[in-house]
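K.L.:
Input: one structure, supplied below.
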Amino acid sequence: MLDFLANNWINLVIGGALLAAVVIAVVKIVKNKRTGNCYGDCSKCGGCSGGSYFHAIKKDK
């Protein structure tokens, strides 16, 4: 068991960091959805600062 941990410690650290990032993102999305804020769909949200930028680009094309 200790040999496995010694040989793969960097993979475990990187995997843990990626898992933490995904969990944080999901928690933030769920929290924003519960409060009624924008949670990834700018077409339904007037509060997104980037929404108008992306909609302007879409209109130009």
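None of the figures in this text is laboratory data; all of them are computed from the coordinates on show. None of the values given here were measured: they were computed from a predicted structure.
K.L.:
Would you kindly state how much longer the chain becomes between Val23 and Thr35 on full extension, computed as 0.36 nm times their sequence separation minus their alpha carbon distance, in nm to one decimal? Don't skip to the answer; put the middle values down first.
P.N.:
Values: separation 12, 0.36 × 12 = 4.32 nm, distance 1.84 nm.
Gain in length upon complete extension: 2.5 nm.
K.L.:
Right, something else. Each residue of region 26-31 in order: what ³J(HN,Hα) in whole Hz does its phi give by Karplus 6.51 cos²θ - 1.76 cosθ + 1.60, θ = phi - 60°, with x for Gly and Pro?
P.N.:
So the J values, rounded to whole Hz, are 5, 4, 5, 5, 5, 5.
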